[in-house]
Amino acid sequence: MLAKMQTFLCWLPFRSPKAKASTSPAASRSCPTLAPTSSHYTSQDTIVNIEKSANVKDQLQDAKMENGKVEEIRGKILETYAKLVELKGDYRPGETINKLLGNLVPVCAEIHDQETVKQVVENAEIQAILPGLRQICSASESCLESYWADRIIQGEPGDEAVTRLKKEFLYFGNYEQLAWLEYCGILAARRTPPKKVAFIGSGPLPLTSLCLLQELKKDYSPSTITILNIDISQAAIDVSKKLCDSLGEWAHGMEFACDKAGSSDLDLQDFDVVYVAALVGISQDDKESIVVDVANTMRPGALLVVRSTLGLRTCLYPEVDMAKEKLLEKLEPCLTLHPHDQVVNSFIVTKVKE
């Protein structure tokens, strides 16, 4: 916003060039002749010009500050990406990767005005690195999840494993908060809690599924709930199975399948809700194809929850535009939510059309 500025003006006596001096003594002792009406407007124009000049300076100063902010953000993202590339594919948790991502995520999670976001994201250099940056973020997240799943598996099973997961995994609260927000969105769209949920792109640490499972247990008997975790990686499925075995009763209701998103082998007709994770597809075109393929395996009236992002967070995860004709032919958007706290992902709740 433009800064507000007070303009201080000095009113000076003004003699009209057309006014004739009086020859009488009385007239010679009077105040200088004031400007006629036309000259008064000239004075007002001077005031307006001064104010315009002040506003222009104000705008230039603001523009300079905005450009400085854009350059600072752009520079941080490019610098971090260059250092991530130097790791040559080794994104396992460690001091270097933790520091780099610990610097990158807060920069991208900040909320900025649309113009700032546009100037950063549409910058040619940023556009050039976005696919690579998202792939690195995806690989890093997978490595982080595998590390923590293995760590929990190696400890004591049962309630102790659940306690360690909640207390030791730094981002557990983020997953819990996002799962709760999504659950509220689901209830807003269908009014009754679902019993059968599928999560596509569950990964080695299926925390969203686990957190959602705890909410559903408040409404239904655990034996009546099914959450199917689907991932294209057999290694991720194997690890997540072992993790849930370690978590014991807390994870009862979790099932697993290794398959590709939208595969014709996946029959999701019986599921009330299906999730598509943020890391499933790295572009709008990818997302559109996957979402349509998944919707084709679902029954009419079921909900499809698609994770997305907003603002600079699109540097980490791709944004999904549900207003595309291809998607609207199959899905009816119900609601979209963009968290503005530490939760990075947005989500869109849609309903499969008849």
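The values are calculated or read from the model by the stated rules, or taken from the named source; none is laboratory data. Quantities reported herein were computed from a predicted structural model and do not represent experimental measurements. Cβ atoms come from the backbone with ideal geometry, glycine included; neighbour counts cover every protein chain shown.
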Residues (in contact (Cβ under 8 Å) with a residue 40 or more places away in the chain and either in contact with a Lys or Arg (Cβ under 7 Å, 6 or more places away or on another chain) or surrounded by fewer than 16 Cβ atoms within 10 Å (Cβ to Cβ) (or both)) located in segment 94-113 = Val107, Cys108, Ala109, Glu110, Ile111
request  = Evaluate segment 173-180: report whether one residue or more is under 24 Å from the mean Cα position of the chain (by Cα), among the aliphatic types (A, V, I, L, M) and farther than 23 Å from Asp231 by Cα.
outcome  = no
message = Any residue that is within 24 Å of Asp90 (Cβ to Cβ), loosely packed, with under 13 Cβ neighbours inside 10 Å and over 25 Å from the mean Cα position of the chain (by Cα) - is there at least one of those in segment 140-151?
response = no
query = How many residues does segment 205-229 contain that are buried (at least 24 other Cβ atoms within 10 Å of the Cβ) and either in contact with a strand residue (DSSP E or B) (Cβ under 8 Å, 6 or more places away or on another chain) or acidic (Asp, Glu) (or both)?
reply = 7
request  = Test Gly262 against the stated conditions and say whether it is within 20 Å of Ser308 (Cβ to Cβ), touching a Phe, Trp or Tyr at 6+ places or on another chain (Cβ under 8 Å) and either in a helix (DSSP H, G or I) or small (Gly, Ala, Ser) (or both).
outcome  = no
Qualifying positions in segment 303-320 - touching a Leu at 6+ places or on another chain (Cβ under 8 Å) and among the charged types (D, E, K, R) = Glu319
task = Tell me, yes or no, whether segment 94-117 has at least one residue that is outside any helix (DSSP H, G or I) and among the acidic types (Asp, Glu).
result = yes
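Within segment 301-323, does at least one residue satisfy the condition of being of a type in the set (Val, Ile, Thr), touching an Asp or Glu at 6+ places or on another chain (Cβ under 7 Å) and within 30 Å of Arg151 (Cβ to Cβ)? Write out each step before concluding.
Restricting attention to segment 301-323, the residues satisfying the condition of being of a type in the set (Val, Ile, Thr) are 305-306, 309, 314, 320.
Checking which are touching an Asp or Glu at 6+ places or on another chain (Cβ under 7 Å) leaves us with 305, 309.
Narrowing the set further to residues that are within 30 Å of Arg151 (Cβ to Cβ) leaves 305, 309.
For segment 301-323, residues of a type in the set (Val, Ile, Thr), touching an Asp or Glu at 6+ places or on another chain (Cβ under 7 Å) and within 30 Å of Arg151 (Cβ to Cβ): present.
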task = Kindly list the number of the only condition in (1) under 17 Å from Ile153 (Cβ atoms); (2) in contact (Cβ under 8 Å) with a residue 40 or more places away in the chain that fails for Asn229.
result = (2)
query = So Thr309 clears everything in (1) β-branched (Val, Ile, Thr); (2) within 23 Å of Pro194 (Cβ to Cβ); (3) modelled with pLDDT of 90 or more except one condition, right? Which one?
reply = (2)
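Within segment 306-354, track down each residue that is part of a helix (DSSP H, G or I) and either more than 21 Å from Ser138 (Cα to Cα) or not hydrophobic (A, V, I, L, M, F, W, C) (or both).
Applying the first criterion (part of a helix (DSSP H, G or I)) to segment 306-354 yields 311-315, 325-328.
Across segment 306-354, the qualifying residues are Gly311, Arg313, Thr314, Glu325, Lys326, Leu327, Leu328.
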note = Being out of contact with any Ser or Thr (no Cβ under 6 Å at 6 or more places or on another chain), over 15 Å from Thr208 (Cα atoms) and surrounded by 16 or more Cβ atoms within 10 Å (Cβ to Cβ) narrows Ile282, Ile348 down to just Ile282
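Got a number for residues in segment 105-126 being small (Gly, Ala, Ser) and either in contact with a His (Cβ under 7 Å, 6 or more places away or on another chain) or more than 13 Å from Leu310 (Cα to Cα) (or both)? Spell out how you get there, then give the answer.
If we filter segment 105-126 for residues that are small (Gly, Ala, Ser), which is where we start, we get 109, 124.
Adding the requirement that they be either in contact with a His (Cβ under 7 Å, 6 or more places away or on another chain) or more than 13 Å from Leu310 (Cα to Cα) (or both) leaves 124.
The total comes to 1.
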key: Residue that is farthest from Ala236 (Cα to Cα) [pool: residues in segment 165-206 that are in contact with a helix residue (DSSP H, G or I) (Cβ under 6 Å, 6 or more places away or on another chain) and part of a helix (DSSP H, G or I)]   = Tyr183
query = Could we say that Thr163 is within 18 Å of the chain's Cα centre (by Cα) and either over 25 Å from Ala277 (Cα atoms) or without any contact (Cβ under 8 Å) to a residue 24 or more places away in the chain (or both) here?
reply = no
remark   = When (1) assigned by TED's automatic domain parsing to the domain that holds Gly75; (2) in contact (Cβ under 8 Å) with a residue 60 or more places away in the chain are applied to Asn174, the one that fails is (1)
